[in-house]
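Colleague: What follows is a structure written as structure tokens; I'll ask about it next.
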Amino acid sequence: MAEVLLKDITKVYDGNVKAVDKVNIEVLDQEFVVLVGPSGCGKSTTLRMIAGLEDITDGELFIGGKRMNDEAPKDRDIAMVFQNYALYPHMSVYDNMAFGLRIRKFPKAEIEARVKEAAQILDIEELLERKPKALSGGQRQRVAVGRAIVRKPKVFLFDEPLSNLDAKLRVQMRAEISSLHTRLSATMVYVTHDQIEAMTMGDKIVVMKSGIIQQIGNPLKLYNDPINRFVAGFIGSPPMNIALADVFEEGGKIIAKEEGMTFIVPKDKEETIKSYIGKKVYMGVRPEDLIFTKKPETNNLRASISVIEPLGNETHLYIDTKEHQYIVRTTPENEFKVGDEVNFTPDMDKVQFFDYETERSLFYTE
């Protein structure tokens, strides 16, 4: 079994700089877990502590049920794929993939069998005699992954492996790594700053900010039920629109007012929102939940179009009210021009509300 368990893992650098603060993560056997967050959030430091490349200041790390805090990297039975590939330029692809097995004194026949098996899985059999300089970025990344596969480790660790690739190749490699996870039935921990990678690849996503875990869950849980304003704005592309609103009660209805625009709170949310009457809340709506309407209706959002981004299958609009800009995802059938005054109605059943002080969701469910 190849479970990875982090219990209150903390990393403090010189000068009392706390990079990771009491992180608790359980990676199940054969699970694909993605650590995601903005630059400097502590995700790569966490991965490096799992690998043994960074000392653990406090807390405990277990791999396969064994405490690993004091074990050397070579004794942790992990394999790591780096952002910069880390290939030996003077060695052939074959030798790059075989090198780790040779220094561990594996028999020559077994080395050859493992390298050929990995090359077949990654479709790089014809590249085995080439040097890294004769490979494209995608081919180099496959070799780096192949070098990890031949080890047959308990756990694969990926540190932003696709960030050096162009957009099209990133999509292709994303699918290949996901397929590889299924084929190998392997335990994988993957670090990225790209929330699209996280959403499309992970069985479980760990969202981090400033060294602290914000939320752990499957992709749809994070998207539909974010625990706080940060997760709501970070997960999803384009990001969720979030604006301040004042909560009132008028005519027997609970309403949220944002810049003079009135939005009626749905009946099933009234009981929770009642305690915020007379207070400010953050109101969040995803771009696809703003519906274009030709005639102003209840819950009308009126704004002026400042930017149009046609993407073929969909169009993104940037619309401006007096004090706030919203992003709208709409269909290309609707024809718009910059400067148009438009009306959109938010789907109030999908609107999120967050506490003004704590920024925690008012409707989050465990």
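The values are calculated or read from the model by the stated rules, or taken from the named source; none is laboratory data. Predicted model, so just to flag it, every value in this text is computed and none were measured. Neighbour counts run over all protein chains shown; Cβ positions are idealised from the backbone, glycine included.
Colleague: Would you mind finding the one in GLU366, GLU270 that is acidic (Asp, Glu), over 20 Å from ALA232 (Cβ atoms), free of Cβ contacts under 8 Å to residues at least 40 places away in the same chain and surrounded by fewer than 16 Cβ atoms within 10 Å (Cβ to Cβ)?
Modeller: After applying the criteria, what remains is GLU270.
Colleague: Given the criterion out of contact with any Lys or Arg (no Cβ under 7 Å at 6 or more places or on another chain) and crowded, with 19+ Cβ neighbours inside 10 Å, identify the matching residue among VAL20, VAL4.
Modeller: Criteria check complete, one pass: VAL4.
Colleague: Inside the stretch 1-46, counting only strands (runs of 3 or more DSSP E) that do not spill past its ends, which hold 1 or more residues that are charged (D, E, K, R) and in contact with an Asp or Glu (Cβ under 8 Å, 6 or more places away or on another chain)?
Modeller: 4-13, 17-27
Colleague: Which of the residues that make up the stretch 258-276 are at pLDDT below 90 and among the hydroxyl-bearing types (Ser, Thr, Tyr)?
Modeller: Once the filter is applied, which keeps residues that are at pLDDT below 90 and among the hydroxyl-bearing types (Ser, Thr, Tyr), the stretch 258-276 yields only THR262.
Colleague: Are any residues in the stretch 31-55 over 19 Å from the mean Cα position of the chain (by Cα) and surrounded by fewer than 20 Cβ atoms within 10 Å (Cβ to Cβ), and if so, which ones?
Modeller: Result: ALA51, LEU53, GLU54, ASP55.
Residues checked against (1) under 18 Å from TYR85 (Cβ atoms); (2) over 13 Å from the mean Cα position of the chain (by Cα); (3) surrounded by 15 or more Cβ atoms within 10 Å (Cβ to Cβ):
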{"residue": "GLN141", "(1), (2), (3)": "yes, yes, yes"}
{"residue": "VAL150", "(1), (2), (3)": "yes, yes, yes"}
{"residue": "THR187", "(1), (2), (3)": "no, yes, yes"}
{"residue": "MET201", "(1), (2), (3)": "no, no, yes"}
{"residue": "VAL206", "(1), (2), (3)": "no, no, yes"}
{"residue": "ILE213", "(1), (2), (3)": "no, no, yes"}
{"residue": "PRO219", "(1), (2), (3)": "no, no, yes"}
{"residue": "ILE227", "(1), (2), (3)": "no, yes, yes"}
{"residue": "GLY252", "(1), (2), (3)": "no, yes, no"}
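Colleague: Looking at the stretch 57-79 only, could you name the residues that are assigned to a loop (DSSP other than H, G, I, E, B) and surrounded by 19 or more Cβ atoms within 10 Å (Cβ to Cβ)?
Modeller: MET68, ARG76
Colleague: Might you check whether a residue that is under 24 Å from the mean Cα position of the chain (by Cα) and outside the structural domain of GLY217 (by TED's automatic domain parsing) occurs anywhere in the stretch 274-282?
Modeller: Yes: the stretch 274-282 contains one or more residues that are under 24 Å from the mean Cα position of the chain (by Cα) and outside the structural domain of GLY217 (by TED's automatic domain parsing).
Colleague: Here are some residues: GLY37, GLY42, GLY59. Which one is touching a Gly at 6+ places or on another chain (Cβ under 6 Å) and either modelled with pLDDT of 95 or more or closer than 16 Å to PHE158 by Cβ (or both)?
Modeller: GLY42
Colleague: Could you please find all residues in the stretch 116-141 being at pLDDT below 90 and charged (D, E, K, R)?
Modeller: Of everything in the stretch 116-141, just one residue is at pLDDT below 90 and charged (D, E, K, R), namely ASP123.
Colleague: Of all residues in the stretch 121-175, count the ones that are charged (D, E, K, R) and touching a strand residue (DSSP E or B) at 6+ places or on another chain (Cβ under 8 Å).
Modeller: Final tally of qualifying residues: 5.
Colleague: Shifting gears a bit: Tally time: how many residues in the stretch 92-139 are part of a loop (DSSP other than H, G, I, E, B), surrounded by 15 or more Cβ atoms within 10 Å (Cβ to Cβ) and under 30 Å from the mean Cα position of the chain (by Cα)?
Modeller: 2
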